[in-house]
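The values are calculated or read from the model by the stated rules, or taken from the named source; none is laboratory data. The structure presented is a predicted model; accordingly, all values stated were derived computationally and were not measured. A quick note on method: Cβ atoms are made from the backbone with ideal geometry, for glycine too, and the neighbour counts reach across all protein chains shown. Side chains are part of the model used for accessible areas, which takes the heavy atoms of the whole protein and leaves out ligands, DNA and RNA. Shrake-Rupley method; radii C 1.70, N 1.55, O 1.52, S 1.80 Å.
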Amino acid sequence: MDTGFDRAGTGSAKWARAAGGAIALGLADMDLPGPAAIGAALARRAAHPALGYTVVEPADRELVARWYRRRHGVVVDPAWVVLMPFGVRTAVRLLLEACGPLPGPVVSGSPEWGGFTAVCRAAGSAHREVAFERDADGYRLPLEGFAALRPGAVLLSSPHNPSGTVWREEEVRAAAALAAECGGLLVSDEVHGDLLHPDAGRPQPVAVAVTGGAPHVVTLNSVGKTFNTSGVPSCFALVPDPGLRARLTEVMAGYGLWEGGLLEALVQRAALAEGGPWLEGVLAHLTAARDLAVAALGPAVLVRPRAGYLLWLDGSALGTRAGLLTQRKVELSDGADFGAAGTGCLRLNFALPLPRLQAALTRLTSQDAR
């Protein structure tokens, strides 16, 4: 990975949030160069003077299915694929609407990606948090707590954001069975699922696969996190139930949205067709960066991640987000953004060139405030 990579002048939200000479370790995108194939594809298309409406072709769905087969050994029916010109947060919002009145509350764990709470609030859906259980291996799904709430939908980030925990297959199957028993839906947000560390020890449990393509399970994914293209929002849903697929596309149309999208389709095609070798290099870099951060931060590390580029930390060992930003000039995410169980914690993004990451770790661990 390029040690001199610089995002100055690109309008980076991550670095704008840090500001003032701080090293940005907050928002979840990578300070690493993406696949050259994506830029080349955009440049080729930009050379054509017409940028009109586009359509999804069967090959676009088949490309997603081939990616799952090559990357995860998972068989996906191309007919399940819905290609969306927006991010996962919007996809969850539209799915809740497409489901109609839910038979119970929407439930998720805590700590958990804060987008779920925001979406439920916007949709007017009752939302309940249940604290995750944690052991030496990471977090565990609170299945009994979920069951007690009789959920109409279960929302799950898999791998887990913010800790990088890779759920066990049996946990995902149990969560799906619980949703089915209650007449609801399991929505598995797997945008970090392609970033499984080489030493993860177990495979990423792709929900649509481990549940046998059950109609009450929807899997969401995107090239955004995997290939560092989140600035061109897109995602794809694996929706085995044809009725739900039809309702989802109908809801999309009601908001003036359609499958595909010019830039989104170009980025996704280039990433999935040509980005595999680049991804292998990134995963080797992320593993080295993870080990560097875990070794430096020691007892503050709550979970050793198995996937992604996020490290979940005990703030009592380091300080508050505001204090670290002003005194140490390092910007992290506040754990309170991830639900009640995240209060007092911090989330660190280690997807940086190693020299810059080492500089940030030195600031965090120095005995003298900076």
Name every residue in region 249-268 that is surrounded by fewer than 16 Cβ atoms within 10 Å (Cβ to Cβ), part of a helix (DSSP H, G or I) and in contact (Cβ under 8 Å) with a residue 60 or more places away in the chain, in order of residue number. GLU250, LEU262
Can you confirm whether region 140-163 contains a residue that is among the polar types (S, T, N, Q), in contact with a helix residue (DSSP H, G or I) (Cβ under 6 Å, 6 or more places away or on another chain) and not in a helix (DSSP H, G or I)? no
Top-ranked residue in region 323-370 [being within 16 Å of ALA300 (Cβ to Cβ) and among the hydroxyl-bearing types (Ser, Thr, Tyr); ranked as most open to solvent (accessible area, probe 1.4 Å)]: THR343
Report the residue count in region 38-88 for those that are assigned to a helix (DSSP H, G or I) and surrounded by fewer than 18 Cβ atoms within 10 Å (Cβ to Cβ). 16
Could you tell me how many of the residues in region 294-312 are small (Gly, Ala, Ser) and within 15 Å of LEU195 (Cβ to Cβ)? 2
Here's a check for you: in region 269-284, which residue that is open to solvent by 20 Å² or more (accessible area, probe 1.4 Å) and of a type outside the set (Gly, Ala, Ser) is farthest from ALA40 (Cα to Cα)? GLU280
Qualifying positions in region 116-130 - at pLDDT below 95 and closer than 20 Å to VAL172 by Cβ: none
How many of the residues in region 285-318 are among the basic types (Lys, Arg) and open to solvent by less than 10 Å² (accessible area, probe 1.4 Å)? 1
